[in-house]
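**Student:** Take this structure, written in C-alpha coordinates, and hold onto it; I'll ask about it next.
The values are calculated or read from the model by the stated rules, or taken from the named source; none is laboratory data. On a predicted model such as this, the values are computed, not experimentally measured, just so you know. Please note: Cβ atoms are built from the backbone with ideal geometry, for glycine as well, and neighbour counts cover all protein chains shown. SASA here: full protein model, heavy atoms, side chains in, ligands and nucleic acids out. Shrake-Rupley method; radii C 1.70, N 1.55, O 1.52, S 1.80 Å.
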Amino acid sequence: MKSIIAKMYDCGQPSYETIKDSKEYYENMQEFCNCVEDFKSGLTEKQKKVFEKLEDLHDNMEYESGLTRYVAGFKFGLKAGLEAGED
(Lines give C-alpha, C1' and ligand atoms only; values in the text may rest on other atoms or scores of the structure.)
Protein backbone atom coordinates (compact mmCIF):
# COMPACT_ATOMS: atom_id res chain seq x y z
CA MET A 1 0.00 0.00 0.00
CA LYS A 2 1.29 3.47 -0.90
CA SER A 3 2.02 5.96 1.83
CA ILE A 4 -0.25 8.99 2.10
CA ILE A 5 2.65 11.19 1.00
CA ALA A 6 3.13 9.13 -2.17
CA LYS A 7 -0.61 9.33 -2.86
CA MET A 8 -0.47 13.12 -2.50
CA TYR A 9 2.42 13.22 -4.98
CA ASP A 10 0.57 11.03 -7.49
CA CYS A 11 -2.66 12.99 -7.31
CA GLY A 12 -0.97 16.24 -8.19
CA GLN A 13 -2.07 18.24 -5.17
CA PRO A 14 -3.33 21.74 -5.93
CA SER A 15 0.14 23.30 -5.90
CA TYR A 16 0.99 21.41 -9.09
CA GLU A 17 -2.02 22.94 -10.76
CA THR A 18 -1.17 26.48 -9.69
CA ILE A 19 2.63 26.52 -10.03
CA LYS A 20 3.68 27.58 -13.51
CA ASP A 21 7.03 26.66 -14.97
CA SER A 22 9.32 29.45 -16.14
CA LYS A 23 9.47 30.83 -19.65
CA GLU A 24 12.94 29.28 -19.94
CA TYR A 25 11.51 25.87 -19.06
CA TYR A 26 8.98 26.08 -21.89
CA GLU A 27 11.61 27.32 -24.32
CA ASN A 28 13.89 24.41 -23.41
CA MET A 29 11.00 21.96 -23.62
CA GLN A 30 10.11 23.17 -27.12
CA GLU A 31 13.72 22.91 -28.26
CA PHE A 32 13.97 19.44 -26.72
CA CYS A 33 10.81 18.27 -28.49
CA ASN A 34 12.07 19.66 -31.80
CA CYS A 35 15.40 17.86 -31.36
CA VAL A 36 13.66 14.59 -30.49
CA GLU A 37 11.44 14.80 -33.58
CA ASP A 38 14.43 15.61 -35.81
CA PHE A 39 16.35 12.71 -34.31
CA LYS A 40 13.49 10.24 -34.66
CA SER A 41 12.91 11.20 -38.29
CA GLY A 42 16.26 9.63 -39.19
CA LEU A 43 15.64 6.34 -37.38
CA THR A 44 14.40 3.03 -38.70
CA GLU A 45 11.17 1.62 -37.25
CA LYS A 46 13.16 -0.76 -35.05
CA GLN A 47 15.34 2.08 -33.78
CA LYS A 48 12.23 4.20 -33.10
CA LYS A 49 10.81 1.42 -30.90
CA VAL A 50 14.07 1.22 -28.95
CA PHE A 51 14.15 5.00 -28.58
CA GLU A 52 10.53 5.06 -27.36
CA LYS A 53 11.41 2.40 -24.78
CA LEU A 54 14.33 4.58 -23.64
CA GLU A 55 11.98 7.55 -23.32
CA ASP A 56 9.56 5.47 -21.22
CA LEU A 57 12.37 4.25 -18.96
CA HIS A 58 13.64 7.79 -18.55
CA ASP A 59 10.15 9.01 -17.65
CA ASN A 60 9.86 6.24 -15.05
CA MET A 61 13.24 7.15 -13.58
CA GLU A 62 12.25 10.83 -13.38
CA TYR A 63 9.00 9.90 -11.65
CA GLU A 64 10.75 7.74 -9.06
CA SER A 65 13.43 10.36 -8.47
CA GLY A 66 10.83 13.11 -8.09
CA LEU A 67 8.77 11.01 -5.69
CA THR A 68 11.81 10.17 -3.55
CA ARG A 69 12.79 13.83 -3.26
CA TYR A 70 9.21 14.95 -2.67
CA VAL A 71 8.81 12.48 0.20
CA ALA A 72 12.17 13.45 1.70
CA GLY A 73 11.33 17.16 1.50
CA PHE A 74 7.87 16.60 2.94
CA LYS A 75 9.29 14.66 5.88
CA PHE A 76 11.98 17.27 6.45
CA GLY A 77 9.38 20.05 6.42
CA LEU A 78 7.17 18.15 8.82
CA LYS A 79 10.08 17.53 11.21
CA ALA A 80 11.08 21.20 11.00
CA GLY A 81 7.50 22.22 11.79
CA LEU A 82 7.35 19.86 14.75
CA GLU A 83 10.65 21.17 16.07
CA ALA A 84 9.52 24.78 15.66
CA GLY A 85 6.42 23.95 17.69
CA GLU A 86 8.56 22.79 20.60
CA ASP A 87 9.66 26.36 21.39
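**Student:** Stretch E37-T68 to full length: gain in nm at 0.36 nm per residue minus the Cα-Cα span?
**Tutor:** In short, 8.1 nm is gained.
**Student:** Fully extended, how many nm does the chain gain between E83 and M61 (0.36 nm per residue separation, minus their Cα-Cα distance)?
**Tutor:** Going from the current span to full extension adds 4.6 nm.
**Student:** Next question, about the same structure. Expressed in whole Å with the largest first, what are the equivalent ellipsoid semi-axes of the stretch 20-61 derived from the C-alpha gyration tensor as the square root of 5 times each eigenvalue?
**Tutor:** Gyration-tensor ellipsoid for the stretch 20-61: 24, 14, 4 Å.
**Student:** By the scheme Lys and Arg +1, Asp and Glu -1, what is the net charge of all other residues having a beta-carbon under 12 Å from that of D59?
**Tutor:** -4
**Student:** In debye, nearest 20: dipole of the chain around its Cα centre with unit charges on the Cβ of K, R (+) and D, E (-)?
**Tutor:** 340
**Student:** So what does the Cα-only Debye profile of the chain read at q = 0.23, 0.26 Å⁻¹, as log10 I(q)/I(0), no solvent term?
**Tutor:** -1.18, -1.24
**Student:** State in Å² the accessible area per residue of the chain; use a 1.4 Å probe, count heavy atoms of protein chains only, and round to the nearest integer.
**Tutor:** Value for the chain: 87 Å² per residue.
**Student:** Another question, then. Helix 45-84 sits at what angle to the longest principal axis of the chain, using alpha carbons and giving 0 to 90 degrees rounded to 10?
**Tutor:** Long axis of 45-84 versus the principal axis of the chain: about 10 degrees.
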